[in-house]
1. Whole-Å semi-axes of region 265-364's equivalent ellipsoid, largest first, each the root of 5 times a Cα gyration tensor eigenvalue?
2. Going by a ≥ b ≥ c, the root eigenvalues of the Cα gyration tensor, does region 38-77 fall in the rounded group (a/c under 1.5), the prolate group (a/b larger than b/c) or the oblate group?
3. What ranking, highest mean first, results for peptides 85-97, 131-143 when packing means the other Cβ atoms within 10 Å averaged over each residue?
4. Counting only other residues whose beta carbon sits under 15 Å from that of residue 130, what net charge do I get with K and R as +1, D and E as -1?
5. Using only alpha carbon pairs under 8 Å that are at least six residues apart, calculate the relative contact order of region 71-312 and give it in whole percent.
6. Find the centroid of the Cα atoms in region 75-122 and in region 178-228, then give the distance between the two in whole Å.
7. Pull out the extension gain between residue 92 and residue 147, defined as 0.36 nm times the separation in residues minus the alpha carbon to alpha carbon distance; nm, one decimal.
8. Just to confirm my numbers, what's the Cα centroid distance between region 46-65 and region 294-352 in Å?
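Bear in mind that the values in this text are calculations on the coordinates, not laboratory data. Fair warning: this is a prediction, and the values are worked out from it, not measured in the lab. Glycine gets a Cβ as well: all are built from the backbone with ideal geometry, and neighbour counts include every protein chain shown.
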Amino acid sequence: MPVSPSNDPFQNIRPYHDREVSDVLNRLIHDEELISVLTRYQFPQLASLFGWLLKPAVRIFLAQKTGDIETIQGFQTLIAGYMTKMIGRTTSRLSCSGIDALSTDEAYLFVSNHRDIAMDPAFINWALYQHGFDTLRIAIGDNLLRKPYVSDLMRLNKSFIVNRSAKGREVLTALSQLSAYIDHSLVQDEASIWIAQREGRAKDGNDFTDPAILKMFYMAHRKQRSFAEFIARVKIVPVSISYEYDPCDRAKALELDSKQQGGAYEKSQFEDIESIVAGINGNKGHVHVAFGQVIAPMDTPEELAAEIDRQIMANYHLHPSNLLAAGIESDDIDATQKAEFAARFEGLSASTADILKQMYANPVLNKQRYQEAV
């Protein structure tokens with residue numbers, strides 16, 4: 001029996017429960033738009049001419065793959081197989097640090113820098129999974145969930161919805177519900193959470209935390225406990241994720257250049273989905289996930305934001321691409337790496353190339369500033 005909204009205050013934003021999995025998968029199998037998307041993805045050259053023939057085959061394949069899945073864990077096990085293939089195909093190496101200081105028996109609020117819509121939480125999740133931790137519940141903005149099948153897929157993968165489209169009085173209600181859900185997950189369900197340090201990706205390579213995100217965390221607590229008590233309760237762990245190569249770097253640079261030249265940039269209808277696909281399929285080189293330390297109690301969101309920034313920048317793994325962009329010589333950088341990095345600028349205007357170069361250089365400069373300030 002479905003749980004009524006009155007008994008489930010988070011029904012409209014939470015990940016799906018095991019009891020809902022079969023119905024959702026059945027809905028996805030019969031979603032014409034999803035089947036069309038999968039057909040175009042699997043058969044890009046043939047889909048336009050032979051879609052009528054291919055789509056039934058894709059539907060049967062999807063039904064076979066999901067037919068025995070009855071739980072969220074079962075669905076994530078299926079995803080893990082594709083994740084393994086993606087890592088082997090699009091990364092030269094995936095490494096991790098700092099995780100040994102964390103306990104598999106604790107639930108944490110992981111706050112990370114944000115470079116890729118889907119891959120940031122995916123790589124962090126993978127690192128945790130490989131070290132014996134339960135998988136995360138992932139915060140995702142409703143701006144990415146315009147298609148019902150996308151929302152279904154994300155919520156099957158333990159994502160919960162951040163209502164960014166709320167207006168007027170709805171904003172406070174939505175933020176209060178989200179804050180309460182995060183607390184419920186961490187304390188009642190003992191389930192870890194991932195959320196980005198600010199809304200939207202850091203397209204310029206500058207990783208700074210928005211204190212407004214931290215104030216949102218606190219909303220459900222403000223009448224019961226102090227800000228310092230709240231921090232002790234939720235166990236915030238900053239996470240740095242760094243990509244040797246960002247598959248969306250050129251697209252980001254073109255967008256930023258367009259804004260600088262003309263003051264505006266019009267995002268296409270499916271641009272976010274296209275960015276997700278590019279991030280998944282594109283070459284990422286060496287990817288490193290660095291877990292920080294649980295943050296000690298602090299008195300204000302601004303202090304907390306500064307500590308999150310400090311840990312993210314201090315733990316950020318600098319790749320040859322970052323050092324090359326910052327003009328730093330190193331004996332560890334060979335001619336092949338120099339050529340690979342130079343190739344990312346081919347065909348770009350001087351202004352776009354400068355932005356792309358700065359995107360890779362900024363983590364070096366920010367790390368240096370923090371080291372000098374200590």
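1. Computed over region 265-364, the values are 29, 22, 14 Å.
2. Numbers: a/c = 5.45, a/b = 2.51, b/c = 2.17.
Taking the square roots of the gyration eigenvalues as a ≥ b ≥ c, region 38-77 is prolate.
3. 131-143, 85-97
4. Around residue 130, the surrounding residues sum to -1.
5. Working: 362 pairs, mean separation 79.1, N = 242.
This gives 33 percent for region 71-312.
6. The distance from the Cα centre of region 75-122 to that of region 178-228 comes to 19 Å.
7. On the way: separation 55, 0.36 × 55 = 19.80 nm, distance 3.28 nm.
Separation in residues times 0.36 nm, less the Cα-Cα distance, equals 16.5 nm.
8. Each part reduced to its Cα centre gives a spacing of 42 Å.
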